[in-house]
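Have a look at the structure below, then the notes.
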Amino acid sequence: MYKIYVVGIGPGNIENMTFEAYEVLKKSDVIIGYKTYIDLVKDEFSHKELISSPMKKEIDRCKDVLEIAKTNKVVSLISSGDAGVYGMAGIMLEVADENFSVEIIPGVTACNAAAAVVGAPIMHDSVNISLSDLLTDWDLIKKRIDLSSQADFVISLYNPKSNGRTTQIQEAQEIMLKYKKADTPVAIVKNAKREGEQIVLTTLSEMLNHDIDMLTMVIIGNSMTFVKNGKMITPRGYKV
Ligand code: SAH
């Protein structure tokens with residue numbers, strides 16, 4: 001049986017990698033992943049065989065991992081954040097057959113990192129929605145935004161906006177405004193827990209006046225969310 005690790009390396013800084021993820025990378029011979037992620041670990045693991053692979057070649061990357069594992073090298077496929085949240089874990093499990101033992105090592109996902117940076121906005125029921133419609137129909141994404149807004153969930157948006165994909169965040173805002181108040185607190189966190197970290201606390205009606213891109217998480221509160229001392233809080237209901 002050949003061994004493969006799929007490792008979530010956390011949002012960026014080495015301190016936010018889990019101990020287990022660190023240990024697995026330390027014992028790996030080969031670390032493979034999208035170039036930006038390899039760049040995040042290359043200083044710490046410079047003596048390893050590091051393989052950067054291009055974006056949008058996820059299936060090829062997994063097939064490369066199979067070939068490396070067959071040489072009996074310890075191989076880790078890395079994703080930022082948690083590999084099981086819009087990462088490589090599911091694809092690797094789908095591609096590998098019964099000759100491979102695939103172990104998934106959890107990581108701190110961007111949503112948790114961004115939430116901690118701005119306060120405690122996901123203390124209550126929340127959903128993650130990716131605004132990328134490359135692999136998911138936009139109509140389905142809109143339906144999920146609509147129903148989770150209607151049900152007063154806190155909403156964390158992954159992949160909110162790219163250079164070529166700019167209208168989705170506008171439509172998302174319009175849908176959320178059907179159910180959520182205009183002054184609902186919104187956190188926009190760029191590069192959470194890594195170099196270039198930027199935080200904006202704003203509101204649902206104002207959020208598009210700020211810089212949002214593919215390095216950004218957008219967290220929209222529920223009807224109870226408020227800001228105190230510069231921190232965004234979604235209360236659980238304790239009488240403080
Ligand atoms: N597997 C990753 C998510 C990959 S999807 C995880 O668990 O975090 C990529 C999206 O995640 C980006 O477009 C951005 O919305 C978000 N993201 C990843 N790292 C981030 C960080 N450090 N700060 C803010 N957003 C981040």
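The values are calculated or read from the model by the stated rules, or taken from the named source; none is laboratory data. Note that the coordinates shown come from a computational prediction; the quantities given were computed from them, not determined experimentally. Counting neighbours? That spans all protein chains shown, and the Cβs are built from the backbone with ideal geometry, glycine included. Protein only, heavy atoms only, side chains kept; ligands, DNA and RNA dropped before computing areas. Shrake-Rupley method; radii C 1.70, N 1.55, O 1.52, S 1.80 Å.
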- request: Could you check the simple spin-label distance between residue 206 and residue 63, using points 7 Å along Cα→Cβ, in nm with one decimal?
  value: 5.1
task: Whole number please: convex hull volume per residue, Cα atoms of the chain, in Å³.
output: 136
task: Set the Förster radius R0 to 30 Å, insert the Cβ-Cβ distance between residue 133 and residue 98 as r into 1/(1 + (r/R0)^6), and round the FRET efficiency to 0.05.
output: 0.30
message: Distance between the C-alpha centers of the stretch 6-75 and the stretch 160-174? Whole Å please.
response: 31
message: Can you give the FRET efficiency to the nearest 0.05 for residue 165 and residue 72, using r as the Cβ-Cβ distance and R₀ = 45 Å?
response: 0.60
message: Only bridges whose two residues both fall in the stretch 128-202 count here: according to DSSP, what percent of them are antiparallel, nearest 5?
response: 65
- line: The simple spin-label model distance between residue 47 and residue 199, using points 7 Å out along Cα→Cβ, in nm, is 3.8
- prompt: Out of 172, 99, 205, whose Cα points farthest toward the positive end of the dipole of the chain (charges: +1 Lys, Arg; -1 Asp, Glu; placed on Cβ)?
  reply: 205
field: Length added when fully stretched, residue 150-residue 14, from 0.36 nm per residue minus Cα-Cα
entry: 45.1 nm
query: Considering only DSSP beta bridges whose two residues both sit in the chain, what percent are antiparallel, to the nearest 5?
result: 40
query: Between residue 228 and residue 213, how many nm apart are label points set 7 Å from Cα along the C-beta direction?
result: 3.5
message: Quick check: at a probe of 1.4 Å, how many percent of the accessible area of the stretch 42-162 sits on carbon and sulfur atoms?
response: 50
